[in-house]
Amino acid sequence: MGIGQGVIRGHAITLRRFVLTFWRDFRLGKAFARRGGGHGAFDFFQKPERGHEPTVTQDFTTDGLFTVEYPDERLPVYERFRVLPMLVYDTEDGNVRCTSCNICAKVCPPQCIWMTQAKSPKGTVVPLPEDFYIDMDVCMNCGLCSEYCPFDAIKMDQNFELSNYERHQTHIYSLQDLLVSSEYYSKTHPDAWASAEQVAERGKVAKKKDQRLQKALSAGRSAPAAKPSPQPAGA
């Protein structure tokens with residue numbers, strides 16, 4: 001190929017795609033509509049309602065322009081898409097699955113997770129997190145914390161719209177920011193929720209929960225009766 005012919009050929013391919021794109025739109029009656037199939041022709045001022053934006057699916061059959069006019073149009077969010085970790089609590093009883101074992105903090109490559117374990121009024125350790133923090137600016141979205149969690153308490157969320165005007169406090173996610181219900185996770189990850197592996201894992205977690213409950217109940221039944229307080233001699 002001679003000098004400059006490659007550049008000319010590339011421009012010709014681009015021009016052909018440009019012409020065919022608009023010819024297809026005119027032929028289908030979409031010449032004055034939004035590229036992704038929005039709600040109206042030239043709807044520069046009529047924005048779609050939040051949560052009802054049209055979803056634009058692009059696959060190997062898609063031709064023409066590939067621009068998605070976000071946020072008025074959106075690409076589909078697939079189940080394996082992951083952003084930040086989230087802590088799951090059981091919808092049935094409201095129990096937080098996390099036991100503050102600290103494994104997730106140890107395996108985290110950028111060390112963006114830290115927590116403190118809860119304590120009873122007597123000062124004994126309770127298998128629950130009192131504080132749990134994740135720095136979203138440091139998190140690399142690897143998902144190792146979710147894979148290594150022995151109690152199936154950490155999952156990866158799909159929410160990617162996290163930008164704001166302040167990052168020193170709002171980007172540090174606390175325990176209340178990270179908590180989601182098991183019902184929420186079952187809706188965002190239906191295939192994973194119904195998989196045999198996670199069904200078996202939930203069974204193990206429920207069994208451990210029942211064992212801890214039975215242990216606590218048996219300890220309460222076998223506790224010795226309180227001794228009566230000594231009375232004065234003249235009582």
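The values are calculated or read from the model by the stated rules, or taken from the named source; none is laboratory data. For clarity, every value in this text was computed on a predicted model and none was experimentally measured. When we count neighbours, we look across all protein chains shown, and the Cβ atoms used for this are built from the backbone with ideal geometry, even at glycine.
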Out of D137, D152, I need the residue that is farther than 26 Å from L75 by Cα, of a type in the set (D, E, K, R), assigned to a loop (DSSP other than H, G, I, E, B) and within 19 Å of the chain's Cα centre (by Cα). Which one? D152
Output for Cβ contacts, cut-off 8 Å, separation at least six or different chains, first residue outside any loop (DSSP other than H, G, I, E, B) in region 66-90, second surrounded by 11 or more Cβ atoms within 10 Å (Cβ to Cβ) and among the hydroxyl-bearing types (S, T, Y), reads R74/T55; P85/S146; M86/Y185; V88/S181; V88/S182; V88/Y185; Y89/S181; Y89/S182
Would you confirm whether any residue within region 3-18 is surrounded by 10 or more Cβ atoms within 10 Å (Cβ to Cβ) and modelled with pLDDT under 80? no
Take the conditions under 27 Å from P76 (Cα atoms) and touching a strand residue (DSSP E or B) at 6+ places or on another chain (Cβ under 9 Å) and apply them to V125. Does it pass? no
Which one is farthest from D157 (Cα to Cα), of the residues in region 29-82 that are of a type in the set (G, A, S) and at pLDDT below 65? A41
Among (1) at pLDDT below 90; (2) loosely packed, with under 15 Cβ neighbours inside 10 Å; (3) under 22 Å from K187 (Cα atoms), which single condition is R97 missing? (2)
Could you say which residue among S100, S163 is free of Cβ contacts under 8 Å to residues at least 24 places away in the same chain, assigned by TED's automatic domain parsing to the domain that holds K208 and of a type in the set (S, T, N, Q)? S163
Residues that are surrounded by 12 or more Cβ atoms within 10 Å (Cβ to Cβ), touching a Cys at 6+ places or on another chain (Cβ under 6 Å) and part of a strand (DSSP E or B): does region 158-172 have at least one? no
Which condition breaks for Q198 when tested against (1) at pLDDT below 90; (2) surrounded by fewer than 16 Cβ atoms within 10 Å (Cβ to Cβ)? (2)
Residue among D210, D191, D135 that alone is surrounded by 12 or more Cβ atoms within 10 Å (Cβ to Cβ) and either more than 23 Å from A105 (Cβ to Cβ) or out of contact with any His (no Cβ under 6 Å at 6 or more places or on another chain) (or both): D135
